[in-house]
């Protein structure tokens, strides 16, 4: 990953950061067996659109260990054929998925508590629609002031 490109003189990570303004996380490499176990754990959570995924699904179905005719046993490693590339790509996805960060919550459009009044005159918070209690207003106000004092805002 840190190999420099001859043309640009930058690593792939540097090029990725410049292109996307994101900072990728390097996750630990897994052994082949750990990756296959990750696929087995990840697969039940997946939904596939059969049309666009038909070739990938064929590769996953065809991926299997190789038979050793001389010893009459399965080899330790999967057979390397047309299916191994698609299955390996899915294995990498499954092994990295546990490290995926959930999308960041959208930032509020304002840095202050906004109170609203509905047609019946009920007072509520604009951000979550929660009913307003005077003690809650004072508590939130004091918490906001404390965050501002600490510089957390």
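For segment 72-85, state whether one or more residues are part of a helix (DSSP H, G or I) and under 27 Å from residue 14 (Cα atoms). Yes, segment 72-85 contains at least one residue that is part of a helix (DSSP H, G or I) and under 27 Å from residue 14 (Cα atoms).
Only residues that are part of a loop (DSSP other than H, G, I, E, B) and within 22 Å of residue 105 (Cα to Cα) were counted in segment 124-140, giving 5.
Under 7 Å by Cβ, and 6 or more places apart or on different chains, what pairs join a residue from segment 28-52 that is under 14 Å from residue 93 (Cβ atoms) with one that is in a loop (DSSP other than H, G, I, E, B)? Close Cβ pairs (under 7 Å, with a partner that is in a loop (DSSP other than H, G, I, E, B)) amount to 38/30. Right, residue 34: surrounded by 11 or more Cβ atoms within 10 Å (Cβ to Cβ) and at pLDDT below 85 or not? Against the criterion (surrounded by 11 or more Cβ atoms within 10 Å (Cβ to Cβ) and at pLDDT below 85), residue 34 does not qualify.
Let's see how each residue does on (1) touching a helix residue (DSSP H, G or I) at 6+ places or on another chain (Cβ under 9 Å); (2) surrounded by 11 or more Cβ atoms within 10 Å (Cβ to Cβ):
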site: 45; (1), (2): yes, no
site: 51; (1), (2): no, no
site: 65; (1), (2): no, yes
site: 77; (1), (2): yes, yes
site: 83; (1), (2): yes, yes
site: 86; (1), (2): yes, yes
site: 97; (1), (2): yes, yes
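The values are calculated or read from the model by the stated rules, or taken from the named source; none is laboratory data. Worth saying up front: this structure is predicted, and the values here are computed from it rather than measured. All Cβ positions, even for glycine, are placed from backbone atoms using ideal geometry, and neighbour counts span all protein chains on display.
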